[in-house]
Amino acid sequence: QVPLVESGGRSVQAGESLRLSCGYSGRLFSKHTMGWFRRAPEKDREFVAAISWSGAATDYADSVKGRFTLSRDKVNNTITLQMNNLKPEDTAVYYCAAGRRISGSSEVEYSTWGQGTLVTVSS
C-alpha cells in the first residue's frame, strides 16, 4: 500500500479554484500532522500548509493565507487543500507529507512524502 497518494493537480487560469486531495494510511498516520509543500520551477521546496492530527489546528504560509484552506477527514483518511484565487506564482508540484504527532513548517519534520501533483496556473 502506497502510504500517501495525491490527486487533483491540473492546469487552471488565474483566479480559478482547485482542490488537491491526499489519501493516507490511517494505520500509519492517523495520529500525525499532515502537510502540503510545493516546489516551483527552479526553486526550493517550500511549506504551504499543515494540519494537526485532530484537524483542530492549521498553519499556512503567508503567501497562501486567506486563499488556501486545509481540512482533514479522519473517517476517510484524507486531507484536502482547497485553493482559491490561484495565481501564476502558485504554479508548482505539490507534495503531501506526513510529519510527527506535532510538526511545524520545516520539511525536516516530515518523514513520508507523496509523489507530487502538478498545478499550473496561467495568467
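The values are calculated or read from the model by the stated rules, or taken from the named source; none is laboratory data. Because the structure is a prediction, the values reported are computed rather than measured. All Cβ positions, even for glycine, are placed from backbone atoms using ideal geometry, and neighbour counts span all protein chains on display. Note: accessible area is taken over every heavy atom of the protein model, side chains too, but ligands, DNA and RNA are not part of it. Shrake-Rupley method; radii C 1.70, N 1.55, O 1.52, S 1.80 Å.
Below is a table of values for the structure above.
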read-out	value
Subset tally (residues that are open to solvent by less than 90 Å² (accessible area, probe 1.4 Å) and either in contact (Cβ under 8 Å) with a residue 40 or more places away in the chain or over 16 Å from LEU81 (Cα atoms) (or both)) for the range 29-46	11
Top-ranked residue in the range 67-90 [being free of Cβ contacts under 8 Å to residues at least 24 places away in the same chain and hydroxyl-bearing (Ser, Thr, Tyr); ranked as least open to solvent (accessible area, probe 1.4 Å)]	SER71
Test: residue in the range 8-19 that is within 11 Å of the chain's Cα centre (by Cα) and loosely packed, with under 15 Cβ neighbours inside 10 Å	yes
Any hit, the range 55-65, residues being under 14 Å from the mean Cα position of the chain (by Cα), aliphatic (A, V, I, L, M) and buried (at least 16 other Cβ atoms within 10 Å of the Cβ)	yes
Residues located in the range 101-123, provided they are in contact with a Ser or Thr (Cβ under 7 Å, 6 or more places away or on another chain), open to solvent by less than 60 Å² (accessible area, probe 1.4 Å) and not in a strand (DSSP E or B)	SER103, GLU109
